[in-house]
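The values are calculated or read from the model by the stated rules, or taken from the named source; none is laboratory data. Computed from a prediction, not measured in an experiment: that's the story for all the values here. Just so you know, the surface numbers come from the protein's heavy atoms only, side chains and all, with ligands and any DNA or RNA stripped out. Shrake-Rupley method; radii C 1.70, N 1.55, O 1.52, S 1.80 Å.
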Amino acid sequence: MRPMRSFGGRGGGGLPGLETTAAKLAAALVAGSVMYHLTKGGQGGLLLLLPEYVLTRLFLWQPLTYAFVEASPFGIIFGAIITWSIGGYLESIWGGKRLLMVGLGITVLSGFLTALLGLLVPGATMQAYTGGNVMTSVLWVAYGLSIGRGETNFWGIPLSGNALAGIGAGFVVLMAVINGWQTQVPDLLALCMVFAYVRGANPRRLMLHFQHWRLQRQLKDRSKHLRVVPKNQDRPDRDQYLN
């Protein structure tokens, strides 16, 4: 699949197929949102992220199900389009598994961290969160950062990938300013994680750094037990660096 280097405009490699992982995520976002709105008078509310219940009442499915719920028709439609188009580009360069790990994995992890924050800091979180916007923000920022200084466009306006990522993050920050940062806790946590991941702080690299640090520490500890033996004047044929 040819990479798409446009956002909100024509030109590039076209939309990904319906059989891709990105398309399935978009369909799940629409289906989850519709299911929530049809049942929100009853059990539908359990699809949302309720931070005070995730860990205390073990509603452990909520960090996953909230990722596929959007509150408004605008959010559902454009969230699905962004997930399908941008997710399709990322899938073309990352593969489906990595797309899931980043797009869905970071969204789920931000849900658990939000629940933990609500448990540790009372009043730091709101009562309920939808997570479709969290996943689309993650994909948007990852898309921009993956292009970096390369050129893309936003609704026909040429700009760098980093600038596009900044626009995506700016929407979240603006919402936090207008509605209060407590309303954007999962979004803000997810932005930090996706930025760190794309910039190289992935689990594999962190593990390699940890193993390198541990090896250096072991070598340093062992070197403390070594000593240099002075040269033996009586037996010059012996090695002067025996331990």
- request: Would you kindly find the accessible area of residue 112, with a 1.4 Å probe and non-protein molecules such as ligands, DNA and RNA excluded, rounding to the nearest 10 Å²?
  value: 70 Å²
task: Working with all protein chains in place, sort 167, 77 by solvent-accessible area computed with a 1.4 Å probe, largest first.
output: 77, 167
Between segment 44-108 and segment 146-160, the alpha-carbon center distance in angstrom: 25 Å
- request: Keeping all protein chains in position, work out how much accessible area residue 181 exposes to a 1.4 Å probe, and write it in Å² to the nearest 10.
  value: 130 Å²
message: From the convex hull of the Cα coordinates of segment 92-191, what is the mean projected area in square nanometres?
response: 7.0 nm²
query: Counting only protein chains, not ligands or nucleic acids, how are 152, 39 ordered by accessible area (probe 1.4 Å), most first?
result: 39, 152
